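Written below as structure tokens is the structure these notes are about.
The numbers here are math on the coordinates, done by the rules we state, and not lab data. Everything numeric in this text was worked out from a predicted model, so none of it was measured. Here Cβ is always computed from backbone atoms with ideal geometry, including for glycine, and neighbour counts include all displayed protein chains.
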């Protein structure tokens, strides 16, 4: 069955079905517009008969063209609206399946009428060809629709038509169904292969991008990434007149910790501290490792008072690491500043100056500089 209905690998299944639903809806929209034009033209041409459209022989055509035209137009409108709401794509896919069933039915009835008029089953073949390009990811549904449509056509040809020689029509219909499913199967396998290749490459690129922006030890943003984020957020803050605060954090006496307990222990301390810092920031904020034992925190839309509270909570959180490492006293010093229209370099200098004040005050302190770098620092 897996050969008859090819499926993506389990890791790709959810994403493939989401993409399939989206693509199927798009195909159905195109098909609906095409059908509305075709049946609209047929309907206009049919109405040229005048009062003849009400004759018993013409009423089936009138109803077929009219209902198909209205259905196709309504379907295109509904699916276009549903495309704007990703959460409703699964519902849209159900509509697309109903749409396929409806037009398979139209193909059957149109062909029966055509056979009675001595024109063959061309409508059935054309509509089956169009249907074989739809229902990506749902070949079992497509096969069911094709088989039921063929069975309906077969019954209709045998019991509902005046044609004596039915075998040419039956063989053409069977060949159409078989050929359409073969084409759909080939297209599905090609889509699957292409999707899995693109999906794998996309994931690989995402992983490489993450690695290129991530500090290998703490998994925080690295220096390049945090610098880029700071430039971007400062520009956004200035454009929208939003507050932005910066915390520059340094681990107290880290050289002595490394020398006394070893670099492996020191690395673990940096990991624990980065975890403690991240507990007190939001998803919209940025935390990066500047290098060594120095960290930078960008607090988006955060004023001075709130930033000071966050910095104090971080400092207190880091002190709790001591209960796990009883033989080592761990603390951080924090320099705090807020953006006041200066350049990136000037803002970093303010944060660095505030950090120097925290160190000078005895470490395990938070100090701030809110004025311009050339003015007297705040406390």
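Taking R0 as 41 Å, what's the FRET efficiency between residue 275 and residue 22 from their Cβ-Cβ distance, rounded to 0.05?
0.60
For segment 10-208, calculate the relative contact order in percent as a whole number, restricting contacts to Cα pairs under 8 Å that are 6 or more residues apart.
On the way: 180 pairs, mean separation 44.2, N = 199.
Across segment 10-208, relative contact order equals 22 percent.
By counting other Cβ atoms within 10 Å of each Cβ, how are 239, 367, 232 ranked from fewest to most?
Details: 239 8, 367 23, 232 12.
Ordered by Cβ neighbours within 10 Å, fewest first: 239, 232, 367.
Just to be sure I understand the model, the point goes 7 Å from the Cα along the line to the Cβ. What's the resulting residue 57 to residue 267 distance in nm?
Once both label points are built, they end up 9.0 nm from each other.
Under a point spin-label approximation (7 Å from Cα along Cα-to-Cβ), what is the residue 9-residue 116 distance to one decimal in nm?
5.5
Return one number: the angle in degrees, 0 to 90 and rounded to the nearest 10, between the long axis of the Cα atoms of helix 139-160 and the longest principal axis of the Cα atoms of the chain.
10
In segment 49-72, which residues have a backbone nitrogen under 14 Å from the label point lying 7 Å from residue 126's Cα in the Cα-to-Cβ direction?
65, 69
Between residue 240 and residue 38, what is the FRET efficiency for a Förster distance of 56 Å, r being their Cβ-Cβ separation, to the nearest 0.05?
Here the calculated transfer efficiency is 0.65.
Is segment 10-208 rounded, prolate or oblate when judged by the Cα gyration tensor, a ≥ b ≥ c being the square roots of its eigenvalues, rounded requiring a/c under 1.5 and prolate requiring a/b larger than b/c?
Oblate, since a/c reaches 1.5 and b/c is not below a/b.
How much length is gained if the chain between residue 183 and residue 201 is pulled fully straight, taking 0.36 nm per residue apart and subtracting their Cα-Cα distance, in nm to one decimal?
Answer, rounded to one decimal: 3.8 nm.
Sort 126-132, 245-251 by packing, meaning the average of other beta carbons within 10 Å per residue, with the highest value first.
Per-residue mean Cβ counts within 10 Å order the peptides as 245-251, 126-132.
Which angle from 0 to 90°, rounded to the nearest 10, does the C-alpha axis of helix 167-213 make with the longest principal axis of the chain?
On a 0 to 90 degree scale, this one is about 10.
Using label points projected 7 Å from each Cα along Cα→Cβ, tell me how many nm separate residue 175 and residue 98, to one decimal.
3.6
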